[in-house]
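The values are calculated or read from the model by the stated rules, or taken from the named source; none is laboratory data. Source: prediction; values computed, not measured. Ideal geometry is used to build each Cβ from the backbone, glycine not excepted, and the neighbour counts take in all protein chains shown. Ligands, DNA and RNA are excluded from the accessible area calculation, which covers all protein heavy atoms including side chains. Shrake-Rupley method; radii C 1.70, N 1.55, O 1.52, S 1.80 Å.
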Amino acid sequence: MSELLISITPINWLLDPLTHEFMRRALMVSALVGSVCGLLSCYMTLKGWALMGDAVSHAVMPGVVVAYALGLPFSLGAFVFGVGSVALIGFVKQKSRIKEDTVIGLVFTGFFALGIVLVSKIKSNIDLMQILFGSPLGISRSDVNQTLIISFIVIFILLIFRKDLMLYCFDAKHARSIGINTGILHYLLLTLLSLSAVVGLQTVGIILVVAMLITPGATAYLLTDRFDRMTILAVISSSFSSILGVYISYWSDIETGGSIVLVQTLIFLIAFLFAPRYGIFKNQSLINND
Amino acid sequence: MNPIFKSHEKDFMRIEADQVCVDYNGTVALYDASLNLKAGSICGLVGMNGAGKSTFFKALMGFIRPSRGKIRINGFKVNEAQKEQSVAYVPQNEGIDYSFPVSVWDVVMMGRYGSMNIFRIPRESDRRAVVHALERVDLYDLRQRPVGSLSGGQRKRVFLARAIAQRASVLLLDEPFSGVDVPTEKLMAELFLQFRQEGHTILISTHDLNHVRDFCDFVVLINKTVLAYGETSEVFTTENLNKTFGGMPPNPLSGPQSSKDFVNE
C-alpha cells in the first residue's frame, strides 16, 4: 500500500483517473455543471435570491422521483416542479399576508417532504442517496445527454440576455421605463434557476446544489467591481472547484458532492480573507490610491 | 435634434394626466389627479409621504395602471412613450444598490439599452452619447470608477447622465436634492435650465420646499389628489401649503415670498 502511495506523482495524480471512462465523464459533466451554475450564481447573489435558489433546488425532489417512476427524463419532472414551486410561492405571497421568506420556507419544505414520502412509497430502483447527494462518478449516458442539452440552453439564454438580466438585477425600474418587459425577465431568471438546479443536482445532489448557485458568485463578488469580470471569475472558480473536488473524491474515496462544495467554500474563504480590495486583510495601498 | 422634441412648439404638451385614479386593493391612493405640462417646463411635485407622490410617478411611468383616467406622454400612451425612449427616471440614491459591480460608464450606457438591438451591443453613436452625457455632468474623468466609490452628489450625477444619454424628452426625478453637495446642486441648476431651453420637461418629486422655489417654474401640490397647480409664485401660498401638509409645513417658510403670505393672512 505504501508503495502505491509513493508512486503517485502530481502527473499521475492528474492522469491516472483519466484512464477510466466513468472518470472522464464525471470530470466533463462536473466542469460543465460548474460553469453553468457559476454563471447563474452571479445573478443570484446580486439579485439576493439565495433563499429562492435553496427553495427551487429542494422543490424539484418530487419531480425527480415521479419522472423516474414514470420512466420520463428526470429533468422534465424536476423542471415542472421547480417552476411550479416558484409559481406557488408567488401565488401564496400575493393571496395571503404572510411574508415572502416564510412562504418560500413553507413551500420548499412541503415539496421536499412530498419527495421523500414518494421515494419511500414508490417501488422503483431510485436511490435516495443519489438524489440527495449526487453521484457524478456513476452518472449514466442518458443523464449526461440531458445535462449537456440543458447546460447549453442555459448558457445560450444567459449569453443573449446577460445585459438585460444584469440591468434587471441592478435597476428594474429603469429597465421598465425604457420599455423592457421586466415581468418576462423575472420569470426567465426563475426558469434558468430551475434548469440550473436540475443540472447542479447531478453533481452535488439536491441538498448542496444551492452552494453551486451562490458560492461562486459570492467569491467573485469579493474580487472585482466589474460585472463581466465577476461572471468570468465565478465560472473559473466554480468549474475549477468541481474538477478538483472530483479528483479529491476519487483519490480519497470521499463523497463527491461534499468534496466539490468544500473546495468551493475554501476558495470563498481565501477570497474572504485575502481579496485585494474587499478581503479582511485587504491591501491598504490599493484602497488609498483610489 | 430629435424631431420628437418639437422644441419650437412652445405649447406642445409633454405630460397630460386627466382625472387619474389609482387604488391598491380597494384603498384609494390617488383620485382625480389632472396635470398638463408643456414642453420646456420644470415642475415640482410636492406632498407629504403617503400623499400619492410616488403613486403619481409610478402611474406616469406605467408601473401601475390607473383604475380610471388617462395619461399621455408626448401625446402617446405611456407604454408607447417608453418604447420611444421618451421617459427617463432618475431614482433616489437610496433606491440603488451601490455595491453592484458596475462602473460609471456601464450605468450611463444603460440609458442607451432601449435604442440598441436585443444583444445590447453599443455602436459608435451609443458611445458618443455616453461620452457627451458624462461630459455634461462633469464625470468623464471618473468613467472607469465603480459607482459605489462615488460621493452622494457624484452618484446623483451618474443617473442624470444616464437620462441625458437616453435622450428622453420627459425627466422624472425622485428626491433629487437629498444627499447632494453644493457643486452638484449648482451643476443640476445649470443642467435643468439647459434642459428647459432644449424643450425637455422635468418633473421633480420632493418635500423640500426651498428647492422647489429655487428650481421650479410650476408646482403641483398633492394630497391624494391635485390640490393646486400653477406657477410656483402663485401656488406657494400659506393656505395651499397648509392644505397640502395638514397645517404643518415641513420647513418653516422663509424668504420674502412666504413672509408676504403671512402678512396677507
Residue in the stretch B:179-188 that is of a type in the set (Lys, Arg) and surrounded by 14 or more Cβ atoms within 10 Å (Cβ to Cβ) present: no
All helices (runs of 4 or more DSSP H) inside the stretch A:175-290 with 2 or more residues being closer than 20 Å to A:LEU27 by Cβ and in contact (Cβ under 8 Å) with a residue 12 or more places away in the chain: A:182-221, A:227-252, A:256-274
Residue list for the stretch A:164-190, filter: open to solvent by 10 Å² or more (accessible area, probe 1.4 Å) and of a type in the set (A, V, I, L, M): A:MET166, A:ALA172, A:ILE180, A:ILE184, A:LEU188
Candidate set: the stretch B:66-88, residues that are in a loop (DSSP other than H, G, I, E, B) and more than 22 Å from B:ALA133 (Cβ to Cβ); chosen: the one nearest to the other protein chains (Cβ to nearest Cβ): B:LYS77
Members of the stretch A:133-182 found to be away from chain B (no Cβ under 14 Å) and on the phi > 0 side of the Ramachandran plot, listed by number: A:GLY134
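Per-residue answers, yes or no, for (1) under 21 Å from the mean Cα position of the chain (by Cα); (2) at positive phi; (3) charged (D, E, K, R); (4) not assigned by TED's automatic domain parsing to the domain that holds B:LEU30:
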{"site": "B:MET61", "(1), (2), (3), (4)": "yes, no, no, no"}
{"site": "B:SER67", "(1), (2), (3), (4)": "no, no, no, no"}
{"site": "B:ILE71", "(1), (2), (3), (4)": "yes, no, no, no"}
{"site": "B:GLY75", "(1), (2), (3), (4)": "yes, yes, no, no"}
{"site": "B:VAL78", "(1), (2), (3), (4)": "yes, no, no, no"}
{"site": "B:PRO101", "(1), (2), (3), (4)": "no, no, no, yes"}
{"site": "B:VAL107", "(1), (2), (3), (4)": "yes, no, no, yes"}
Residue that is surrounded by the fewest Cβ atoms within 10 Å (Cβ to Cβ) [pool: residues in the stretch B:89-106 that are of a type in the set (Gly, Ala, Ser) and more than 7 Å from chain A (Cβ to nearest Cβ)]: B:GLY95
Residues of the stretch B:132-151 satisfying the condition of being of a type in the set (Phe, Trp, Tyr) and touching a residue at least 24 places away in the same chain (Cβ under 8 Å): none
Helices (runs of 4 or more DSSP H) fully within the stretch A:21-96 counting 3 or more residues that are touching a Pro at 6+ places or on another chain (Cβ under 8 Å): A:21-47
Given (1) within 15 Å of A:MET166 (Cα to Cα); (2) open to solvent by less than 20 Å² (accessible area, probe 1.4 Å), number of the condition A:ASP225 does not satisfy: (2)
From B:PHE177, B:PHE119, residue being among the aromatic types (Phe, Trp, Tyr) and either in a helix (DSSP H, G or I) or touching a residue at least 24 places away in the same chain (Cβ under 8 Å) (or both): B:PHE177
The lone exception for A:VAL119 - which of (1) closer than 22 Å to A:ILE214 by Cα; (2) touching a helix residue (DSSP H, G or I) at 6+ places or on another chain (Cβ under 7 Å); (3) in contact (Cβ under 8 Å) with a residue 40 or more places away in the chain it fails: (1)
Residue count, the stretch B:194-215 (criterion: of a type outside the set (Phe, Trp, Tyr) and either on the phi > 0 side of the Ramachandran plot or open to solvent by less than 10 Å² (accessible area, probe 1.4 Å) (or both)): 9
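Matching residues to (1) open to solvent by 10 Å² or more (accessible area, probe 1.4 Å); (2) modelled with pLDDT of 95 or more; (3) within 23 Å of A:MET61 (Cβ to Cβ); (4) over 19 Å from the mean Cα position of the chain (by Cα):
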{"site": "A:ILE214", "(1), (2), (3), (4)": "yes, yes, yes, no"}
{"site": "A:ALA220", "(1), (2), (3), (4)": "no, yes, no, no"}
{"site": "A:ILE232", "(1), (2), (3), (4)": "yes, yes, no, no"}
{"site": "A:PHE240", "(1), (2), (3), (4)": "yes, yes, no, no"}
{"site": "A:LEU273", "(1), (2), (3), (4)": "yes, yes, no, yes"}
{"site": "A:ASP290", "(1), (2), (3), (4)": "yes, no, no, yes"}
Members of the stretch B:138-159 that are away from chain A (no Cβ under 13 Å) and buried (at least 24 other Cβ atoms within 10 Å of the Cβ): B:LYS156, B:ARG157
Options A:GLY53, A:GLY77, A:GLY63, A:GLY90: the member that is crowded, with 20+ Cβ neighbours inside 10 Å, small (Gly, Ala, Ser) and closer than 30 Å to B:PHE100 by Cα: A:GLY53
Residue in the stretch B:221-230 that is β-branched (Val, Ile, Thr), within 14 Å of chain A (Cβ to nearest Cβ), open to solvent by less than 10 Å² (accessible area, probe 1.4 Å) and not in a helix (DSSP H, G or I) present: no
Failed item in (1) surrounded by 13 or more Cβ atoms within 10 Å (Cβ to Cβ); (2) more than 21 Å from B:TYR89 (Cβ to Cβ); (3) β-branched (Val, Ile, Thr); (4) at pLDDT 85 or above, with B:THR237 passing the rest: (4)
